[in-house]
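Undergrad: One structure, as structure tokens, below. Some questions next.
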């Protein structure tokens, strides 16, 4: 429903938006109006922004879904998110980077707990490629990296693509390598090489450059999940409201700014230098951080911002539903 449309539910919508605080108490709405107009449109945009939707002001299916969510459900989201905050480390060795998966957002903090950077992220798909929840220390940054294709993607995507087109490796700027990193070929794939790829005896990596799946920088916090932060050759995806498109790693909207921030204690690493290293620097250059940066990847479907506005997000991976069942059983809770 667009601006100027007739809608019999205007009185109820007005009452609800006032109750939720999205429509200011002093906003004037004609009592018997059935036309969707200002200031309701602005209130709906505010509501949409708080619920992880595109703030376009249209009363579409997703907006109606959020409007019709019972307040008891919102209270439960707050309870479950507060429960998860109990699991978070109380203190960090340095100002952390925090990624909230359902919010699709990353924040980096200053020494006094204020937000230094805030940006959109793309996380793992909700089916079979979920980004894990964990905490590790970031230790180094790689500019213009290779992408070492994970074995699961090599089996399920790369090998079938080569079977369809023996020039797939060359066309997509990949190369076949040994486990020791020696290049076998970057051209047409023979039957023998294909058989070794299918058996996992050889591996595939993508050459550095703007079309690389990792973009032009990756930020590494070594972990058993092989998950890290990186840029992307497809920045247009950040325009989507729901951004679960990856195989588990986290793509960041402002990679140069984030790289400069994590390297701020390394002498000479300004934003301009980070951009230059990404755009025209030497391939696959690793820069170790002077001071490790804690990275916390968490899952919270309710967030309070700096203006004390409460934001709610969909239970992307179903973790709230699972936690609710566990808590409903009472003590003792599983470890």
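Undergrad: Do we find a residue being modelled with pLDDT of 95 or more, in contact with a strand residue (DSSP E or B) (Cβ under 6 Å, 6 or more places away or on another chain) and more than 30 Å from residue 176 (Cβ to Cβ) anywhere in segment 84-92?
TA: no
Undergrad: Within segment 153-176, which residues are under 13 Å from residue 206 (Cβ atoms) and in contact (Cβ under 8 Å) with a residue 12 or more places away in the chain?
TA: 153, 154, 158, 168, 169, 170, 172, 173, 174, 175, 176
Undergrad: Look through 180, 254 and report the one residue that is under 28 Å from the mean Cα position of the chain (by Cα) and under 24 Å from residue 283 (Cβ atoms).
TA: Details: 180 fails: under 28 Å from the mean Cα position of the chain (by Cα).
Selected residue: 254, the only one of 180, 254 that is under 28 Å from the mean Cα position of the chain (by Cα) and under 24 Å from residue 283 (Cβ atoms).
Undergrad: Being over 25 Å from residue 118 (Cβ atoms), out of contact with any strand residue (DSSP E or B) (no Cβ under 6 Å at 6 or more places or on another chain) and surrounded by fewer than 18 Cβ atoms within 10 Å (Cβ to Cβ) narrows it down to one residue among 267, 208, 235; which is it?
TA: Values: 208 fails: surrounded by fewer than 18 Cβ atoms within 10 Å (Cβ to Cβ); 235 fails: over 25 Å from residue 118 (Cβ atoms).
Every option except 267 fails the conditions.
Undergrad: Further, regarding this structure: Looking at (1) crowded, with 16+ Cβ neighbours inside 10 Å; (2) in contact with a helix residue (DSSP H, G or I) (Cβ under 7 Å, 6 or more places away or on another chain); (3) free of Cβ contacts under 8 Å to residues at least 60 places away in the same chain, which is the only condition residue 216 fails?
TA: Exception for residue 216: condition (3).
Undergrad: Among the residues of segment 92-150 satisfying the criterion of being closer than 26 Å to residue 175 by Cα and free of Cβ contacts under 8 Å to residues at least 60 places away in the same chain, which is surrounded by the fewest Cβ atoms within 10 Å (Cβ to Cβ)?
TA: 148
Conditions (1) in the same structural domain as residue 249 (by TED's automatic domain parsing); (2) out of contact with any strand residue (DSSP E or B) (no Cβ under 6 Å at 6 or more places or on another chain), marked per residue:
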| residue | (1), (2) |
| --- | --- |
| 287 | yes, no |
| 290 | yes, yes |
| 293 | yes, no |
| 297 | yes, no |
| 308 | no, yes |
| 312 | no, no |
| 325 | no, yes |
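Undergrad: Next question. Can you confirm whether residue 13 is crowded, with 18+ Cβ neighbours inside 10 Å and assigned to a loop (DSSP other than H, G, I, E, B)?
TA: When the stated conditions are applied, residue 13 does not pass them.
Undergrad: Within segment 16-32, count every residue that is in contact with a helix residue (DSSP H, G or I) (Cβ under 8 Å, 6 or more places away or on another chain), farther than 25 Å from residue 315 by Cβ and surrounded by 14 or more Cβ atoms within 10 Å (Cβ to Cβ).
TA: Residues meeting the conditions: 3.
Undergrad: Restricting attention to segment 20-37, does a residue exist that is in contact with a strand residue (DSSP E or B) (Cβ under 6 Å, 6 or more places away or on another chain), part of a helix (DSSP H, G or I), in contact (Cβ under 8 Å) with a residue 12 or more places away in the chain and not assigned by TED's automatic domain parsing to the domain that holds residue 121?
TA: no
Undergrad: Given the criterion more than 15 Å from residue 142 (Cβ to Cβ) and at pLDDT 95 or above, identify the matching residue among 289, 296.
TA: Among 289, 296, only 296 is more than 15 Å from residue 142 (Cβ to Cβ) and at pLDDT 95 or above.
Undergrad: Quick test of your reading of the structure: residue 84 fulfils all but one of (1) in contact with a helix residue (DSSP H, G or I) (Cβ under 8 Å, 6 or more places away or on another chain); (2) over 26 Å from residue 233 (Cβ atoms); (3) not assigned by TED's automatic domain parsing to the domain that holds residue 286. Name the failing condition by number.
TA: Against the list (1) in contact with a helix residue (DSSP H, G or I) (Cβ under 8 Å, 6 or more places away or on another chain); (2) over 26 Å from residue 233 (Cβ atoms); (3) not assigned by TED's automatic domain parsing to the domain that holds residue 286, residue 84 comes up short only on (3).
Undergrad: Then there's this: Look at segment 38-68 and say how many of its residues are assigned to a loop (DSSP other than H, G, I, E, B), without any contact (Cβ under 8 Å) to a residue 40 or more places away in the chain and closer than 18 Å to residue 315 by Cβ.
TA: Of the residues in segment 38-68, the ones assigned to a loop (DSSP other than H, G, I, E, B) are 38-39, 51-60, 68.
With without any contact (Cβ under 8 Å) to a residue 40 or more places away in the chain added as a condition, the list becomes 38-39, 55-56, 68.
From what is left, the residues that are closer than 18 Å to residue 315 by Cβ are 68.
Total satisfying the criteria: 1.
The values are calculated or read from the model by the stated rules, or taken from the named source; none is laboratory data. No experiment lies behind these values; they were computed from the predicted model shown. In this analysis, Cβ positions are derived from the backbone assuming ideal geometry, glycine residues included, and neighbour counts consider all displayed protein chains.
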